[in-house]
Amino acid sequence: MATGGEESGALSFHPMDQFIVSRLFCSDDAETAVNECTYDIAWYELTNVTLWLALAVLAVFAMLVLGTRNRAVVPSRSQSIGELAYGFIHKMVEDVAGREGLKYFPYIMTLFMFIVMANFLGLIPTSFTTTSHIAVTAVLGFGVFIAVTVLGFVKNGASFLGLFWVSSAPLVLRPILALIEVISYFVRPVSHSIRLAGNLMAGHAVLKVFAGFAQVTAIAPIAIFGVVAIYGLEVLVSFIQAYVFTILTCVYLKDALHPHH
Amino acid sequence: MATETAGAAEDSVGLPQLDFSTFDNQIFWLVVALLAIYFILSRIALPRIGSVLAERQGTITNDIAAAEELKHKATAAEAAYDKALADARAEADRIVGETKAEIQSELDAELAKADAEIAARTSESEAAIAEIRDGAKDSVREVAKDTAMAIVAALGRDADQSAVDKAVEKEMTS
C-alpha cells in the first residue's frame, strides 16, 4: 500500500504488511490520515481473517467430504488422501494417548486439519496466513491446555496432581521437581501457541525480505533463488508445525488420562 | 503522502500480530471456523471415512475367509476324486478277478466235461478195440488152425484135427 509513495531507487521492505488484518470490501481513502480498512475493526466484521478461515474450512470440506463422497471400497485418489489423513491422525492418537484417547479423536482431527489447511493456504502468494497470528494460535493452545486440564481433573480427581509429584525421584528432590513440573506445565500453552505462530510468521517474513531484495537487479537472481528455497522450506514447516502441534496435543491428552509417571 | 503517514502509523504499532484491537475479530471468526470444521468432521467426514475403512477391512476379511473355504472345498473335491479313482480301480480289479474266476470255473467245468467225454469215448473205443481184437484173435486162431491143418495135409500126412488145434493153441498163448 505504501509502495506507491516510495522514492524510486530506494529499497522498500514491508515484510509485516502481509499480516495486517483489514476489512474485506473496503478501499482506503488516501485523503484521510486514518486507514479505513484497518482502523477499529469490530469483532463481527468480515475481514481477511474471515476469508482465509472460511477458505480453510472449505478446503477441509473438499478434502474430507467431497473427496470421499463415493464411499468406494477401492478408493479414488482424492478418497485416498482423506483416508490417509484420517489414518495418520487416528494412529497418532492411538499410539500416543492410548485407546481411551480415541474418544477425543474428532477434536484432535479438527485441530490438525485446520492448522495444516491454514498453513498451506498461507503459502499461496498474496494470501493471509491465519496461523501466523498469536491471537489464533493462542486460542488453539490455551483451548487445548484448558480442555486437557479440566479433563485431567474430571477423570482423575485430585490424583491428577500426581502429575507434578515425581514419585520415582529421591524424596529430597521431589518438591523442587514439583515446582519445575508446575512451571513447565503452565508454560506449555505459551510455547505450544508461540511455536506455531512464530515459525509461520518468521518464514513468511523472510520470504518477503528476500522478495524485497529482488528489487535490486544485481542481486535479483540470488534473491529469487532464495525465495524459492525458503518457500520449499516453508512447505515443510507448514506440515511439520501442524504435526508437532497435534502430537503435543496428544501428549498432553495422555498426561490428562494417565497422570502417573 | 497521506498513505505514507498511515503506513508509518501502522509501523509504530509494531507487529500486526500484537495489535490487540484485532484480537476479538480474529478469535470470533476462528471459533466459528473451528466449530464449522468440528461439525463437518464429526457429523459427516469421520463417520464416513471410518465406515469405509471398516467396510474395506470387512471385505478383505470376508474375501480371505471365502478363499480359505474355497481352498478347503478344492482339497475335499480332490480327496473325493482320489477316492472315486481308487474305488473305481478296486472295482475294476474286483470285476477282473471275478470274471477271471468265472471264466476259470467255466473253463474247468468244460474241461472236466470234455475230459469225461473223452474218457467215455476212450473206454468205449477201447471196448470196441478189445472186441475187435478178440474177434481178430479168434479169427487168427481159426485161420492158423486151418492153415496148419492145410500145411500138414499138404505135407501128405494124415492130420489129426485135435492135435493140430492143441499145438496151435499152445503156440499162440505162449
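Which members of the stretch A:103-148 meet the condition of being closer than 27 Å to B:N25 by Cβ and among the hydroxyl-bearing types (S, T, Y)?
A:Y107, A:T110, A:T126, A:S127, A:T129, A:T130, A:T131, A:S132, A:T137
Only one of B:I118, B:I95, B:I60 is assigned to a helix (DSSP H, G or I), within 49 Å of the chain's Cα centre (by Cα) and under 30 Å from A:R69 (Cβ atoms). Can you tell me which?
B:I60
For residues that are touching a residue at least 12 places away in the same chain (Cβ under 8 Å) and at the interface with chain B (Cβ under 8 Å from one of its Cβ atoms), scanning just the stretch A:18-34, find the one that is surrounded by the fewest Cβ atoms within 10 Å (Cβ to Cβ).
Restricting to residues being touching a residue at least 12 places away in the same chain (Cβ under 8 Å) and at the interface with chain B (Cβ under 8 Å from one of its Cβ atoms), the top hit is A:D28.
Checking A:Y44 against (1) within 26 Å of A:V209 (Cα to Cα); (2) at the interface with chain B (Cβ under 10 Å from one of its Cβ atoms): exactly one of these is not met. Which one?
Failing condition for A:Y44: (1).
Just name the residue that is nearest to A:A197 (Cα to Cα) out of those in the stretch A:104-150 that are polar (S, T, N, Q) and outside any helix (DSSP H, G or I).
Taking the candidates together, the pick is A:T129.
A:A59 - would you say it is in contact (Cβ under 8 Å) with a residue 40 or more places away in the chain and out of contact with any Cys (no Cβ under 8 Å at 6 or more places or on another chain)?
Yes, satisfied.
With A:F225, A:F239, A:F210 as the choices, which residue is touching a residue at least 40 places away in the same chain (Cβ under 8 Å) and either part of a helix (DSSP H, G or I) or aromatic (F, W, Y) (or both)?
One residue alone meets the criteria, A:F239.
Looking at A:V65, A:V139, can you tell me which residue is of a type in the set (V, I, T) and surrounded by fewer than 18 Cβ atoms within 10 Å (Cβ to Cβ)?
None of the other options fit; the residue is A:V65.
What pairs can you find where one residue is in the stretch A:96-119 and away from chain B (no Cβ under 11 Å), the other is surrounded by fewer than 21 Cβ atoms within 10 Å (Cβ to Cβ) and not in a helix (DSSP H, G or I), and their Cβ atoms are less than 8 Å apart, with a gap of 6+ or different chains?
A:G98/A:H258
Please verify whether B:L35 is crowded, with 19+ Cβ neighbours inside 10 Å and either at the interface with chain A (Cβ under 9 Å from one of its Cβ atoms) or part of a helix (DSSP H, G or I) (or both), treating the condition exactly as stated.
It is false that B:L35 is crowded, with 19+ Cβ neighbours inside 10 Å and either at the interface with chain A (Cβ under 9 Å from one of its Cβ atoms) or part of a helix (DSSP H, G or I) (or both).
Quick check: anything in the stretch A:176-189 buried (at least 18 other Cβ atoms within 10 Å of the Cβ) and either modelled with pLDDT under 95 or part of a helix (DSSP H, G or I) (or both)?
Yes, the conditions are met somewhere in the stretch A:176-189.
Return the only residue of A:A202, A:A218 being within 19 Å of A:T130 (Cβ to Cβ), exposed (fewer than 15 other Cβ atoms within 10 Å of the Cβ), of a type in the set (A, V, I, L, M) and free of Cβ contacts under 8 Å to residues at least 40 places away in the same chain.
Testing whether each residue is within 19 Å of A:T130 (Cβ to Cβ), exposed (fewer than 15 other Cβ atoms within 10 Å of the Cβ), of a type in the set (A, V, I, L, M) and free of Cβ contacts under 8 Å to residues at least 40 places away in the same chain leaves just A:A202.
Please go through the stretch B:47-90 and pick out each residue that is more than 30 Å from A:L84 (Cα to Cα) and either within 14 Å of chain A (Cβ to nearest Cβ) or among the small types (G, A, S) (or both).
Result: B:A74, B:A76, B:A77, B:A79, B:A80, B:A84, B:A86, B:A88, B:A90.
Out of the residues in the stretch A:74-89 that are facing chain B (nearest Cβ under 9 Å) and exposed (fewer than 14 other Cβ atoms within 10 Å of the Cβ), state the one that is modelled with the highest pLDDT.
A:G87
All but one of (1) touching an Asp or Glu at 6+ places or on another chain (Cβ under 7 Å); (2) closer than 25 Å to A:L196 by Cα hold for A:P75; state the number of the condition that does not hold.
(2)
The values are calculated or read from the model by the stated rules, or taken from the named source; none is laboratory data. As the structure is a prediction and not an experimental result, all values here were calculated from the model. Because the Cβ atoms are built from the backbone with ideal geometry, glycine has one as well, and the counts that use them run over all protein chains shown.
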